[in-house]
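Asker: Structure incoming, see below.
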Amino acid sequence: MDHDELILKTVLYVKDCLKDAEAGHDWWHIMRVLANARIIAAEESGDQLTIELAALLHDIADRKFHHGDEELGPRLAGDFLRSLQLPVSIIQAVIQIIQQMSFGSGDRGMAVKTIELQIVQDADRLDAMGAIGIARAFHYGGYKNRAIYDPAILPDPEQTKEAYKKSSAPTINHFYEKLLLLKDLFNTSTGKRLAGKRHEFMETYLQEFFSEWNTG
Ligand code: ADP
Ligand code: NI
């Protein structure tokens, strides 16, 4: 199978996996991450097929929607990739990226990141920032029936991974606990550059939010 055929087959598989997904993690998120990954990859090195397959398969079974199961996504991706009869080295590389990617799994102590992981992780993080990131955050908060903002509940950017997973804090807190921290976590210089504008937009948005909140 050539590159385009492999990607097309993967697109069809991922669309099917995500047909009932909520809007923050749906097919359109995957499409945006793939587009971001292609933009970053054009300026960095790395194996294009590994990058594109990992971007497409990185959220097929998010642990948040599968009872905290972090292994389901990588396992399904492995089964699918074996059905395409890809070389074992590519399958392993893609599975490893999917396992290592989530913010929840943490960067701390992670072994050396391959350039392919760095690119897909940056592409995914970009989609959590800027105008789209704001839309996704409030969508997620609504989906979980969270408050928009509550001045009595302060953000905790230092919280542990377990506390972060369990948190039911207002959505505005998520900006201070995660979204505004992302700009310093980018791996590639291209990702970092693209993140700058999205970060500034979120800061402007929050200024406006609090100015409206405080003036009524
Ligand atoms: P995680 O990195 O914790 O797995 P994701 O990256 O899968 O989270 O999050 C997907 C989208 O949902 C992102 O846009 C993210 O900002 C949003 N999201 C995740 N957790 C929250 C939350 N507690 N409040 C608001 N939005 C959230
Ligand atoms: Ni994602």
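The values are calculated or read from the model by the stated rules, or taken from the named source; none is laboratory data. Please read these numbers as outputs of a predicted model, since none were measured by experiment. For neighbour counting, all protein chains shown are included, and Cβ atoms are generated from backbone atoms with ideal geometry for every residue, glycine included. Accessible surface is based on the protein model in full, side chains and every heavy atom, while ligands, DNA and RNA are left aside. Shrake-Rupley method; radii C 1.70, N 1.55, O 1.52, S 1.80 Å.
Asker: Counting pairs of alpha carbon atoms under 8 Å apart in space and at least six apart in sequence, what relative contact order in percent does the chain give?
Answerer: 20
Asker: Moving on to the next point. In the calculated pair distance distribution of the chain, what percentage of Cα-Cα distances lie above 25 Å? Write out the running numbers ahead of the final one.
Answerer: Working: 9049 of 23220 pairs.
When every Cα pair of the chain is considered, 39 percent fall beyond 25 Å.
Asker: Hey, what angle do you get for helix 115-126 against the long axis of the chain, alpha-carbon based, 0 to 90 degrees rounded to 10?
Answerer: The angle comes out near 40 degrees.
Asker: Could you tell me how many degrees, from 0 to 90 and to the nearest 10, lie between the Cα long axis of helix 48-57 and the main elongation axis, the longest principal axis, of the Cα atoms of the chain?
Answerer: 60
Asker: How tilted is helix 27-43 with respect to the longest principal axis of the chain? Cα atoms for both, answer in degrees (0 to 90, nearest 10).
Answerer: 70
Asker: How many angstrom lie between the Cα centre of segment 147-163 and the Cα centre of segment 180-216?
Answerer: Going from one Cα centre to the other spans 18 Å.
Asker: Next question. For every helix of n ≥ 4 consecutive DSSP H residues, a contribution of -39,500 (n - 2.57) applies; sum these over the chain, divide by its total residues, and give [θ] at 222 nm rounded to the nearest 500 deg cm²/dmol.
Answerer: Rounded to the nearest 500, the figure is -20000 deg cm²/dmol.
Asker: Can you give the three extents of the C-alpha atoms in segment 81-199 along their principal axes, from longest to shortest, in whole Å?
Answerer: Dimensions of segment 81-199 along the principal axes of its Cα atoms: 53, 30, 27 Å.
Asker: Just in segment 149-216: which GluC sites (Glu not before Pro) are loop by DSSP and have at most 14 other Cβ atoms within 10 Å?
Answerer: On the way: sites: Glu158, Glu162, Glu177, Glu200, Glu203, Glu208, Glu212; in loops: Glu158.
Those that pass, being in a loop and sparsely packed, are Glu158.
Asker: Accessible area per residue of the chain at 1.4 Å probe, in Å²?
Answerer: Values: 11320 Å² over 216 residues.
On a per-residue basis, 52 Å².
Asker: Given Cβ point charges of +1 (Lys, Arg) and -1 (Asp, Glu) and nothing else, what value in debye, to the nearest 20, does the dipole of the chain about its Cα centre take? If you can, show how the numbers build up before the last one.
Answerer: Working: 24 positive and 32 negative charges, 42 e Å.
That gives the chain a dipole magnitude of about 200 debye.
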